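What follows is one structure encoded as structure tokens, with my remarks underneath.
Nothing in this text is a laboratory measurement; each read-out follows from the coordinates by a stated rule. Nothing here was measured: the structure is a model prediction, and the numbers come from that model. Every residue, glycine as well, gets a Cβ built from its backbone with ideal geometry; the counts of neighbours run over all protein chains shown.
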């Protein structure tokens, strides 16, 4: 019996369009503006558009909507390309820029003028707003609306030739100032902007507005389904008007879906820019952010992002998703893929008094108990070890099963040891713990003489590798919410903890940028791609081991 696969509403529209001949092949696109780094919400759009093209054996275009040179940089172009490649969306040879089409867009505007569907307007931006009307009252016509075609053509060419100052004139579509949809009330489609473009330089001093440029870009490229977020729903009539009036016989179809909102995160570009400029974060890829570059640097995987997007689904209703669900997805992805290795984040020395001085044993340790295919490794063991400071207490509470005077514990994959003494410095801080070991309790020997309740991990002192470890919390103070009353961010002052004296087992010596591991009992960690060096490893905690998050049934 075949399994019935439920289709989301976009898939249903596409299948209907294919069946009815609206299109014979599917072409989607992802059209970011290169004015910042992409974030987790963009990942949903990328994977949705690419996934639909794959599902229907169509094409996926990558296009930069670079029509606003005041905010665009080549840095953002390169970061976006890297993010999309990392997510696995392959645009093949179809990398486009809106600026590729500036001449064709200008010609499309001239077509509208010749049809009497566009005019040059001298009203200021403030006057245009005043003339536009309100949601309950119609707008009123511009006094320049009835200029002749010849005058409009002449003025528009002079705009192109740089004969007017910024804001002095605009080109507006001539639609309907009484339309109930304000976007249709003679919208501006071209403005004068004497500013150099990152690709075309000073070739142009007029630039198309997004609502005019975007439908044309889609139409020029043969996009069949222009999939965007819900805030563009009210813009759809204008989108359809542009492609129809310019003369496209098989126009793209705009379909809107709900944005992906994560609770208690910062995605606004102006906020992130401020955090970067004020040095609160160390760049757009700071691991406390949810830009795709930040998630990659922190140690998230493309597979975990895809799982997250799939779990969120596609709908018409805006909703928010808990960040814990994203953490669930990275745990699910890593738990069978990564080795579980020993790292001591707050070390204190443990000396086994009756272990032979100078002797080193090597234990075979499985890399992942849940996945035998990851094999095993050799871990050195010696008289002097390091353990976590929290694994020893002088005066333990009840049900504390780790190390304390007189107690016996298992050193993971090694021997049973019993605490016989400890030393402190003048401030009362523990500096050494002394134990004895029982040679009969060697791991793997089949010893069954007695049981212990506590097991602790360790690293051999002589072979330990030093490292810095960064522990992250949400950059937002979750109890107060994202924003203050004045619009500023509610920042968590403890969002980053840097541990500088961590010690790792020697198997970490080969670790390189983006490699990730499970640190026993601590969580999943990734080698930082920006600050880590072969002789000075830096790790970012991706996520802790456990969460209260459960998938809804």
Coarse-grained scattering of region 116-243 at q = 0.10, 0.12, 0.18 Å⁻¹, given as base-10 log I(q)/I(0) from a Debye sum over alpha-carbon atoms: -0.34, -0.50, -1.08
Surface/4 estimate of mean projected area, convex hull on alpha-carbon atoms of region 359-413, nm²: 5.3
C-alpha long axis of helix 74-87 to longest principal axis of the chain, angle in °: 60
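Rank by packing, highest mean first: peptides 171-177, 36-42, with packing defined as the count of other Cβ atoms within 10 Å averaged across residues.
36-42, 171-177
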Square roots of five times the Cα gyration tensor eigenvalues for region 339-385, Å: 25, 14, 6
Shape call, region 196-268: gyration tensor on alpha carbons, a/c limit 1.5: oblate
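Among 476-489, 253-266, how do they line up by average Cβ neighbours within 10 Å per residue, starting with the highest?
Order by mean packing, descending: 253-266, 476-489.
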Mean projected area (nm²) of the alpha-carbon convex hull when region 39-141 is viewed from all directions: 10.6
Overall Cα dimensions of region 9-75 - principal axes, largest extent first, Å: 43, 23, 17
Cα-based Rg of region 499-553 normalised by 2.2 N^0.38 Å, two decimals: 1.32
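Please give the per residue volume of the convex hull enclosing the alpha carbon atoms of the chain, rounded to a whole number of Å³.
For the chain, the hull spanned by Cα atoms encloses 214 Å³ per residue.
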Highest-first arrangement of 94-106, 271-283, where packing means the average Cβ count within 10 Å: 94-106, 271-283
20 Å tail of the calculated P(r), region 274-358, as % of Cα pairs: 59
Helix 102-114 vs. the chain, principal-axis angle (Cα, 0 to 90°, nearest 10): 30
Packing-based exposure ordering (other Cβ within 10 Å, fewest first) of 195, 84: 195, 84
Between 0 and 90°, nearest 10: helix 40-55 axis offset from the chain longest Cα axis: 70
Efficiency of FRET between residue 25 and residue 90 - r from beta-carbon atoms, R0 25 angstrom, step 0.05: 0.90
Potential extension, residue 498-residue 114 segment - 0.36 nm per residue separation minus Cα distance: 131.8 nm
Rounded to 5, the percent of DSSP beta bridges in the chain classed as antiparallel: 65
Average projected area [Cα convex hull, region 420-543], square nanometres: 12.8
Region 26-61 residues near the modelled residue 195 label - backbone nitrogen below 15 Å, point 7 Å along Cα→Cβ: 33-36
Residue-averaged [θ]222 nm for the chain, counting only DSSP H segments that reach four residues, each worth -39500 (n - 2.57): -7500 deg cm²/dmol
